[in-house]
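The values are calculated or read from the model by the stated rules, or taken from the named source; none is laboratory data. None of these values were measured; they are calculated from a predicted model. No Cβ is skipped: glycine too gets one built from the backbone with ideal geometry, and neighbour counts run over all protein chains shown. What goes into the accessible areas is simple: the full protein's heavy atoms, side chains included, and nothing from ligands, DNA or RNA. Shrake-Rupley method; radii C 1.70, N 1.55, O 1.52, S 1.80 Å.
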Amino acid sequence: MNTSPETKRKPSRKLMILAIALCAALAIAAVIAGNLYSRYMATSMRILRLEGTVHLQQNGRSRTVQDSVRLQSGDEMKTEPASLVSVGLDETKIITLEEKSLADVEKRIKWLRLNLKEGCLFFQVTKALEDDETFDITTSTMTIGIRGTSGYVIVDENGQESLVITDGHVHVVGVNPTTKEVKEIDVYAGQRITVYLFNDQIVDSIMFFLEDIGPEALPPEILQLILDDPQLLARVEAATGWDLDGSDPTPSPAPTET
């Protein structure tokens, strides 16, 4: 029996359809894999420096941090006495959690938030954020909007909260958790604000105490972090006019209350 040309071509058409479907499936798989990889890279963070004992609360489990641990969004870190951990949040953002400190981190693509619950957190951003990026550091009373700067936040053992900027500037939104009163302020290099709450009044139930400081006001561990990084040191000295070698400390002007 003779086979027509159309009949002979049918298997080839089926193979072509299968080949096209396979290519489409592979392309979709590649896109999905790329998105998953990008999401992983966007939400994972790496440890740059580790000293002493640091605990990590991750996926409902608590463990001691090792150098090889990769941090993820939602993790909580706690440092013991004489301990610290530095974390690369990405290629341009680094934070250091000093001893006896507790903080958690949330990260999604271009959105980043660190919540300091106690202790001291030093932050540095080596490249200004893009317009669609967000990096906030929060405490119980402050939200600090970071764009491209360095400084540190302290929540002491009495719950007193303060912020020092060592280069650049930040915008701070303060909220009294009890009265819900909101105040805002900009803080610049060489300045410190301390937050005070007055829950027995409605107006001025939250106050910022703003003051210019000199290098002698820096805690020794923060000063050492700056001295260990020549590029950061140059930025801080240029922004504040400080001599961080200690040879010509700048006296602190009188504080002002806001």
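Overview of values
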quantity	calculated
The lone exception for Asp245 - which of (1) assigned to a helix (DSSP H, G or I); (2) modelled with pLDDT under 95 it fails	(1)
Meets criteria (modelled with pLDDT of 95 or more and of a type outside the set (Lys, Arg)) for Ile202	no
Residue ranges of strands (runs of 3 or more DSSP E) in the stretch 121-185 with at least 3 members over 25 Å from Arg108 (Cα atoms) and out of contact with any Asp or Glu (no Cβ under 9 Å at 6 or more places or on another chain)	161-167
Of residues in the stretch 99-120 being closer than 16 Å to Glu51 by Cβ and outside any strand (DSSP E or B), the one least open to solvent (accessible area, probe 1.4 Å)	Ser101
Enumeration of residues in the stretch 205-236 that are open to solvent by less than 60 Å² (accessible area, probe 1.4 Å), within 29 Å of Gly174 (Cβ to Cβ) and free of Cβ contacts under 8 Å to residues at least 12 places away in the same chain	none
Hits in the stretch 186-209 - residues which are part of a loop (DSSP other than H, G, I, E, B) and of a type in the set (A, V, I, L, M, F, W, C)	Ala189, Phe198, Ile202, Val203
In the stretch 157-199, the residues that are at pLDDT below 95 and among the charged types (D, E, K, R)	Glu157
Conditions (1) in contact with a strand residue (DSSP E or B) (Cβ under 8 Å, 6 or more places away or on another chain); (2) surrounded by fewer than 15 Cβ atoms within 10 Å (Cβ to Cβ); (3) at pLDDT below 95: number failed by Ser252	(2)
Qualifying residue in the stretch 142-156 (condition: open to solvent by 20 Å² or more (accessible area, probe 1.4 Å), within 17 Å of the chain's Cα centre (by Cα) and of a type in the set (S, T, N, Q))	yes
Checklist (1) touching a strand residue (DSSP E or B) at 6+ places or on another chain (Cβ under 9 Å); (2) under 23 Å from Ala239 (Cβ atoms) applied to Glu91, failing item	(1)
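Let's see how each residue does on (1) in contact (Cβ under 8 Å) with a residue 40 or more places away in the chain; (2) of a type in the set (D, E, K, R):
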{"position": "Glu106", "(1), (2)": "no, yes"}
{"position": "Leu112", "(1), (2)": "no, no"}
{"position": "Asn115", "(1), (2)": "no, no"}
{"position": "Cys120", "(1), (2)": "yes, no"}
{"position": "Glu133", "(1), (2)": "no, yes"}
